Amino acid sequence: MALRRSGATWTTVSAEIGVSPSTLIGWSKDPEAFARRRASCARCGSAVLPEAPYSALLGFYLGDGHIARGKRYYALRVSCDATYPSIIEDVAACMTAVHPTGRTAQLRRPGCVNVQSQWQHWPCLFPQHGPGPKHLRPILLDDWQRTIVEDHPGPFLRGLFHSDGSRVKNWARRPVAGQLKTYDYPRWQFVNASRDIRELCCWALDLVEIPWRQSNVRVISVSRREAVARLDELIGVKS
């Protein structure tokens, strides 16, 4: 408004502060609009962040999510396997809980569904956002994020394992009374190319006292019978 009072046009003001002319005109007619928009964010405003849904959404974002820049907004997208409709609905519900005034869309692509929500404040809630693949840059949680995960490790693990994890059946043969006997047993595996994200998964498993081991450079496995049962209880099956 100071620039306008000095004689600048809306186009000049737009170029100066990086906000579209239509938005500036709207703000001039409703001076409280920017304050309301800012207040809707739990980090730079006064909104309350629902911690359990956010913890799950953080896991989904680290697993199969990214944030894209639009002209007037950021789009949070999580790519979900189309064969798991319950997970798609879970991601959508978490997005809606974290951004209740926004609209969550499900965009179908070959073999997958991109769950998406547009908002200017997604980078505030996901400071891990940045250029390039996540495995080529540091992925570290802020202190406030670590506190939320410490309070809600189950939802965080659900997001990680339901995006980049799988529950498989392994088998082994052991001699019993002189004969080979085949045993089947379940195993959870989390696969991610980012060392930082794998370490976050291991840290969360430690929080809930679930033993794990690193099967290879990209795979974290939960194999013990009681550990698999505990993880099943925490995160549920993929469906």
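What the table below lists for this structure:
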| quantity | calculated |
| --- | --- |
| Subset tally (residues that are of a type in the set (Val, Ile, Thr) and either open to solvent by 70 Å² or more (accessible area, probe 1.4 Å) or outside any strand (DSSP E or B) (or both)) for the range 173-208 | 3 |
| Condition broken by Ile235, with the remaining ones in (1) aliphatic (A, V, I, L, M); (2) at pLDDT 95 or above; (3) surrounded by fewer than 14 Cβ atoms within 10 Å (Cβ to Cβ) satisfied | (3) |
| Segments classed as helices (runs of 4 or more DSSP H), wholly inside the range 56-154, with at least 3 members that are open to solvent by 20 Å² or more (accessible area, probe 1.4 Å) | 85-98, 143-151 |
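The values are calculated or read from the model by the stated rules, or taken from the named source; none is laboratory data. Given the structure is predicted, the values throughout are model-derived calculations rather than measurements. When we count neighbours, we look across all protein chains shown, and the Cβ atoms used for this are built from the backbone with ideal geometry, even at glycine. SASA here: full protein model, heavy atoms, side chains in, ligands and nucleic acids out. Shrake-Rupley method; radii C 1.70, N 1.55, O 1.52, S 1.80 Å.
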